[in-house]
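Structure first, commentary second.
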Amino acid sequence: MQRPPAPAAIPEPSRPELPRHIGIIMDGNGRWARRRHLPRAAGHRAGVATIRPVMEACHAAGVHILTLYAFSTENWSRPRHEVAALMQLFGDTIDSEVGEMHAEGIQIRAIGDRSKLSPRLQQKVRAAEELTSQNTRAVLNVAINYGGRHEIVAAVRDLASRGVDLTALDTETLAGALYTAGLPDPDLIVRTAGEMRISNFMLWQAAYAEIYVTETLWPDFDAAAIEHALGAYAGRDRRFGAVPEAPGRMEEAIVAPASL
Ligand code: IPE
Ligand code: IPE
Ligand code: MG
């Protein structure tokens with residue numbers, strides 16, 4: 001399992017009530033293109049233009065860890081020409097964006113099975129990671145050939161190959177073997193384009209993430225849309241399985257008259 005460099009820092013949100021980490025399922029590029037009678041690849045290109053303003057909006061709002069789902073382990077089953085266009089776009093985007101991201105202090109990390117990418121793209125990914133590996137202002141994980149199931153299986157295999165006793169495996173050890181080792185789990189997962197599903201994204205890490213789905217297609221998503229998602233998140237009641245507040249009030253009501 002090839003991993004990205006370890007996080008150089010875990011930048012905290014500027015206010016504790018904000019999510020520490022946001023994951024985004026960037027969906028709807030194809031529909032955006034279809035509505036304009038354009039090829040799907042044009043939708044993917046338009047989607048790339050959304051990334052920078054959304055990252056900046058997260059940063060301005062005080063959230064400094066972002067994971068973008070760019071290509072799933074299932075997306076290989078798309079038409080060959082679409083897969084080729086996406087792979088080309090990933091390489092082009094690294095070429096055009098990484099310099100500025102580095103200047104802004106962003107650590108770029110690729111998560112997913114990079115061994116299936118072309119040697120040229122793997123090289124670009126590695127170079128971007130190396131260049132930015134010491135940056136501490138923000139973390140950008142890009143999920144390419146990423147699948148939550150694959151990640152968990154690869155992590156377990158990795159532990160086994162290192163001689164870890166799997167009969168004693170615990171959640172911390174497994175979490176520490178995932179691509180996201182060292183990072184907090186996403187508090188908020190945003191999905192654009194309306195589908196109410198997780199599509200193999202961060203299955204382990206999403207255990208208690210708040211899910212926010214918007215009808216807005218990814219190329220139309222913007223800073224205001226992130227503000228809206230953060231507003232929705234702020235209104236959520238996160239219980240993590242516990243019973244909130246006022247423990248024992250019922251018992252008090254029952255016990256009190258008898259003790260009079
Ligand atoms: C998301 O947009 C981008 C990738 C999955 C690579 P889609 O290409 O899935 O767009 P729709 O869902 O067809 O509109
Ligand atoms: C999820 O979108 C994957 C990415 C955004 C990279 P898909 O378009 O592949 O998901 P499904 O097919 O609608 O579940
Ligand atoms: Mg889709």
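The values are calculated or read from the model by the stated rules, or taken from the named source; none is laboratory data. Not measured: the values here are computed from a predicted model. Note: ideal-geometry Cβ built from the backbone for every residue, glycine included; neighbour counts use all protein chains shown. Just the protein is used for accessible areas: all its heavy atoms, side chains included, with ligands, DNA and RNA removed. Shrake-Rupley method; radii C 1.70, N 1.55, O 1.52, S 1.80 Å.
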**Asked** With 100, 104, 56 as the choices, which residue is open to solvent by 30 Å² or more (accessible area, probe 1.4 Å), in contact with a strand residue (DSSP E or B) (Cβ under 8 Å, 6 or more places away or on another chain) and among the acidic types (Asp, Glu)?
**Response** 104
**Item:** Count - residues of the range 34-77 that are under 22 Å from residue 185 (Cα atoms) and among the acidic types (Asp, Glu)
**Value:** 1
**Message:** Tell me whether the range 69-78 contains one or more residues that are surrounded by fewer than 20 Cβ atoms within 10 Å (Cβ to Cβ) and of a type in the set (A, V, I, L, M).
**Reply:** no
**Request:** State which residue is nearest to ligand 2 (Cβ to nearest atom) when the search covers only the range 223-240 and only residues that are touching a residue at least 12 places away in the same chain (Cβ under 8 Å) and open to solvent by 70 Å² or more (accessible area, probe 1.4 Å).
**Result:** 228
**Message:** For the range 213-222, give me each residue that is in contact (Cβ under 8 Å) with a residue 24 or more places away in the chain and either surrounded by 15 or more Cβ atoms within 10 Å (Cβ to Cβ) or under 18 Å from residue 21 (Cβ atoms) (or both).
**Reply:** 214, 216, 217, 218, 219, 220, 221
**Prompt:** What number of residues in the range 10-44 are aliphatic (A, V, I, L, M), open to solvent by less than 30 Å² (accessible area, probe 1.4 Å) and more than 16 Å from ligand 3 (Cβ to nearest atom)?
**Reply:** 2
**Request:** Please enumerate the residues belonging to the range 199-220 that are of a type in the set (D, E, K, R) and within 15 Å of ligand 1 (Cβ to nearest atom).
**Result:** 215, 220
**Asked** What is the residue count in the range 108-137 for residues that are open to solvent by 10 Å² or more (accessible area, probe 1.4 Å) and in a strand (DSSP E or B)?
**Response** 2
**Request:** With respect to residue 90, determine if the residue is at pLDDT 95 or above, under 21 Å from residue 21 (Cα atoms) and within 16 Å of ligand 2 (Cβ to nearest atom).
**Result:** no
